[in-house]
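The values are calculated or read from the model by the stated rules, or taken from the named source; none is laboratory data. Treat the numbers as computed from the prediction; the structure is a model and nothing was measured. Using ideal geometry, Cβ is built from the backbone for each residue, glycine included, and neighbour counts are taken over all protein chains shown. When the accessible area is computed, the model is the full protein with side chains, heavy atoms only, and any ligands, DNA or RNA have been set aside. Shrake-Rupley method; radii C 1.70, N 1.55, O 1.52, S 1.80 Å.
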Amino acid sequence: MANFYSNYIEVAVTLPVYNTFTYSVPENYAPQAITGKRVLVPFGKRQATGYILGPCNHVAEKEIKPVLDVLDEGPLFPASMIPFFRWISGYYLHPMGEVIKCALPGGLTIYDIAMITITEAGMDVLKRSAASPLEINVLNLLAQKPHRLRSLSRALNQDISGALIHAMINHGWVSQKREIKGGRTRAKTERFVSLANSDVPIGKLTTARQKIIEALNSIDEVSVKDLKKLIPSASRLIKSLAADGYVSVYKKSVYRDPFGESVTPDIPPLLTNDQQRATSRVVTSLGKGFSTFLLAGVTGSGKTEVYMQLAAESINRGFSVLVLIPEIALISQMERRFRARFGERIAVLHSRLSAGERYDQWRRIMRQEVPITIGARSAIFAPFSNLGLIIVDEEHDLSYKQEGGLRYNARDLAVVRAKLSDGVALLGSATPSIQSYFNVVTQKFRELNLKQRVEQRPMPEIKIVDLRKSKNYRGIRRYITAELYDAMKETLGRREQILLFLNRRGFATFPICAVCGEALKCKNCDISLTLHQESNAYKCHYCGFMRASTSKCLHCGSSKIKHLGLGTEKVEAAVKELFPHARVARMDRDTTRRKGTIVRLLKDLRNHNIDILIGTQMVAKGHDFPKITLVGIICADLSLSFPDFRAGERTFQLLAQVSGRAGRGDTPGSVILQTYNPDHFSIMAAKSQDFKTFYKKEIGFRKILSYPPFSRIIQLKIAGRDRPKTRDYARGLGDLCVKLQNGNKSFKTFVELLGPIEASLPRIAREYRWQILLKSRRVDVLHRFARQLLFDNLKLFNNRLVKIAVDVDPFFLM
C-alpha cells in the first residue's frame, strides 16, 4: 500500500479521455488520499469518479482544482498494479480511467448526469402550443418526468440535439441540473450479537432467553440470522436482552457466499513421469524472475493436477496464484477441484456472480485473505500484490478475447502481468494456439509436454463419416448417419454415456418461405432468424430480436415456412424420438442462462442421470466426463466456411477438444466425426490428434500471406445508423489513413492498409458496419501509426452518429 502525503495527486478519471490529471488534496483529506482509492473530482462543468495513481511532484503553473471527496475506506487495487494498467492503456489505445473501471467490480463508479426538467414557463408554452412541433414533443415528455438528453432522443425516436435544448433553456422553458448517480455496490452488513455482561441472572430469564445466553456462552458472537435458525423469535428477544444490558447488538461486514455446496477434501495422487518433469521445470523457475511456459498436453493427460501441484508450491513460497478459465461453465469444475485440495483459500471472479458477490471476492483478494483466485478473463485484474504464478487453462480459447469496451486478450495480459510481477506464466492446452506455439519455436516460451493420458488410458478411436454420401436422405437421418446411430445404440446398450456436438443452437437455423423463397430475416441485422421451438419464437443471435413462431412471410404474406437448417434443439427432438427410453439433456446458451443451471447439468451428468448430452462448444472445453465413451460430431465443417484466416485453426481446435471428451474414464472411447470435407487438413489433423502436423501446414499459409504471427493487425470498426453517412465516414477515415501513410517513410514501408470495406455482416443491431485493417510486421510502427491516427483526429473518433472502435489484435473479423 502506497501511503503518501502530498499537496497534489495524479488522477485517472472514468471518462473517455486519454490523459491523467492533477488535483490538489485539501488538508482534511490528506491522510485518506492513498493510491488505489477513488476520489470525486470536478471535471469541466461536471463531477466524476477518479482513481488515485500516486503523488504529483511536478505541477504546471496553473490553477489546480481540489478533490471533492475521498470515496473509499481502503484502496481498491494495490499500487503495484498501476504499471499494468498503464501498459494496457498504451497497448490497447484505451483511456486509463476506463481501463481501471473495467478492471474493478461493477457498480462502484459514481458519476453525475445532466437531467432536463420543464419549468413553469415551459408548462405555459405547452398549454398554449406556442412552440415548434419538436419542442412541443420534448415539453410533453418532460411534463411527465425529467429526462436525460439520450432518453429524450430514444423516447421520440429521433436525434434531439444539444443546441435545441440550449435554445429551450435560453427561452426559460426547461432547466438543466446535474445529479450524482451510481455507486450501487457496497459491502454487505448483518446484525451480530454477543454477550455484553458475563454476570447474567440465568434463573430470572425465560426459557427462550436462556437459550440465547447459553448459545452466546459457547461462541464469541453470532449473527442474528443464524440465531433465528435456533430460536425463531430471537430477533424480538435480543432487543429486550440488549435493553437490560446483557447483550450487545451491532452491524458487521460479511462476505456473500458464491460457492454453494461443500466438497470432500482430496488426496494428491502420484504424478506420472510427464507430470513430474513438467512440474519440476516450472518449480525451478518460481521466484527467479519472469518466464513463460506452454504446457502442451493431450486431452485427459492431467494438466489440472499439474496446476494444483504448482499452486501448492507457489503458496508454500509465499506467492499468490491466479488461474484463468475460458468459460464460466468450466469454473465450477475447476473451483471444486481446487477447493477439495486447498479448502477455503480460494476466491472466484466471473460475470455470473452478483455485483455484491464479486465485490466481496475482490475485497478478500485485496486484503490478502486468500492466496488463489480462479476466474474467467476478467480475473486477470485480480488485485494481488505478490503474484508468483499465473495459469491460463485452454489458452487457445477465443473466450479470452473481450469484445466491446476495452478489447483485451486475457491470455496475452497474463504474460504481460507475469513479466511486470517477475512471475511465471503457464499456458496450458491440448491444442495450443498458433501464436503460442510460434512463441515456443522462436524461443520466447518454453515447451512442456504431457504426451500420454493418465493411467495409460488410450486416446479415443476417431472414425470419419462422409456426409456427402447421405446428402440425399430426408429428415434427421441425413445427419444422424447409420454409423452414428449404430454406435449410439451399442453405447446405450452398455449403459455408457454419449456426447453429441453441434455448434449451432436453436431448432432451425434457416427458415424460408415455401412460396416465394425469401428467408425470414432479422429487422435489425442482415442475418436470418433462427427458430427456437422451446420459446415458440424466431430469434436473432446477434441483437436478440424476436418474432412469434406463427409469423408469416413479410415478403408475400404466406404462412408456409420451411424450417431448414439444424440446431441443437432439432437434434435433441430427433434423439428423443430415436431413443425414447434414453435420458436426454441439452447444454447450450439457451439452457444455461439461469444461475446454477450449469452446475445442475454437470452434476446430473456426473451422477449418470443423463444418458445423452447434446451441446454446442460449451461441452467441448476442458470438461472431465469419465463415463462418456462415445462422442458424435454432427457436422464438423461449420466453422471452416468463416471468412477468417483463423478458420482452419478454430476448426482443428474445436474438433480435437470435443473428441477428447471421450474415454476419459476406465472404458476406452470412440468418436464419430461427420463431415462434408473428409480430406481437409484440419479434419485429418483432428482425426489423428496431431497438433504439430497441423501447425506445420497452417504456419506455411500464414507466412505466405503475412498473417499473424508473422504480422500484427489493428482493426478499425466503423458503425452507424445512417447507411450513407457510415459509408462516407469509413471512406473519409480510409483517406486519412492513406494520407498518414504517405506522409511518413516507415509507415509507407511497413504498414499495409486493407479497406475500408463493408463488413461480412453489413448490419447488426440497426447499425451499418465497415472496417479497415492495419497490418504490419513491425508492432512498434503499427502502434505508432494507430496512435497518431487516433490522437490527431480525436473529434473524428468521438462522433456521436458514427462510432469508431479500435481493436488491437482482433479475433473476429466479420
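Among the conditions (1) in contact with a strand residue (DSSP E or B) (Cβ under 7 Å, 6 or more places away or on another chain); (2) in a helix (DSSP H, G or I); (3) open to solvent by less than 50 Å² (accessible area, probe 1.4 Å); (4) modelled with pLDDT of 90 or more, THR292 misses just one, which is (2). For region 786-802, filtering for residues that are buried (at least 18 other Cβ atoms within 10 Å of the Cβ) and part of a loop (DSSP other than H, G, I, E, B) leaves 0. Of all residues in region 388-423, those being open to solvent by 10 Å² or more (accessible area, probe 1.4 Å), over 19 Å from SER351 (Cα atoms) and of a type in the set (A, V, I, L, M) number 3. All told, ALA163 meets the bar of being of a type in the set (Gly, Ala, Ser) and either over 27 Å from ALA347 (Cα atoms) or at pLDDT 80 or above (or both). Residue check: GLN653 meets all listed conditions (1) surrounded by fewer than 22 Cβ atoms within 10 Å (Cβ to Cβ); (2) within 23 Å of the chain's Cα centre (by Cα) but one, namely (1). Pairs are defined by a Cβ separation below 6 Å, a sequence spacing of at least 6 or placement on different chains, a first member in region 638-667 that is touching a residue at least 12 places away in the same chain (Cβ under 8 Å), and a second member that is among the aromatic types (Phe, Trp, Tyr) and open to solvent by 40 Å² or more (accessible area, probe 1.4 Å); the pairs so defined are PHE645/TYR707.
Here PHE381 meets the list (1) more than 14 Å from the chain's Cα centre (by Cα); (2) aromatic (Phe, Trp, Tyr); (3) buried (at least 23 other Cβ atoms within 10 Å of the Cβ) almost entirely, failing just condition (1).
Just one residue in the set ALA573, ALA537, ALA487 is of a type outside the set (Lys, Arg) and within 25 Å of PRO460 (Cα to Cα); that residue is ALA487. Filtering region 538-554 to residues that are of a type in the set (Ser, Thr, Tyr), free of Cβ contacts under 8 Å to residues at least 40 places away in the same chain and open to solvent by 50 Å² or more (accessible area, probe 1.4 Å) leaves only THR550. Residues of region 26-76 that are open to solvent by 60 Å² or more (accessible area, probe 1.4 Å), under 23 Å from GLY106 (Cα atoms), in a strand (DSSP E or B) and not charged (D, E, K, R): GLN47 alone. Of the numbered criteria (1) under 30 Å from VAL658 (Cβ atoms); (2) in contact (Cβ under 8 Å) with a residue 60 or more places away in the chain; (3) surrounded by fewer than 20 Cβ atoms within 10 Å (Cβ to Cβ); (4) of a type outside the set (A, V, I, L, M, F, W, C), the one GLN276 fails is (2). The listed residues are ILE704, ILE699, and the only one of them that is surrounded by 15 or more Cβ atoms within 10 Å (Cβ to Cβ), among the aliphatic types (A, V, I, L, M) and more than 27 Å from LEU492 (Cα to Cα) turns out to be ILE699. Among residues of region 303-315 that are farther than 21 Å from HIS623 by Cα, those with a Cβ under 9 angstrom from a residue that is of a type in the set (S, T, N, Q) and in a helix (DSSP H, G or I), sequence gap 6+ or separate chain, pair up as GLU313/THR279. When the residues of region 210-230 are filtered to those that are of a type in the set (Val, Ile, Thr) and in contact with a helix residue (DSSP H, G or I) (Cβ under 7 Å, 6 or more places away or on another chain), the one that is surrounded by the most Cβ atoms within 10 Å (Cβ to Cβ) is ILE212. Answer yes if at least one residue in region 131-142 is within 37 Å of the chain's Cα centre (by Cα), more than 30 Å from TYR246 (Cα to Cα) and not in a helix (DSSP H, G or I), and no otherwise. Within region 131-142, none of the residues are within 37 Å of the chain's Cα centre (by Cα), more than 30 Å from TYR246 (Cα to Cα) and not in a helix (DSSP H, G or I).
For region 333-361, filtering for residues that are assigned to a loop (DSSP other than H, G, I, E, B), more than 21 Å from LYS252 (Cα to Cα) and open to solvent by 50 Å² or more (accessible area, probe 1.4 Å) leaves 3.
Residues of region 506-537 that are farther than 15 Å from SER558 by Cβ, of a type in the set (Val, Ile, Thr) and open to solvent by 30 Å² or more (accessible area, probe 1.4 Å): ILE527 alone.
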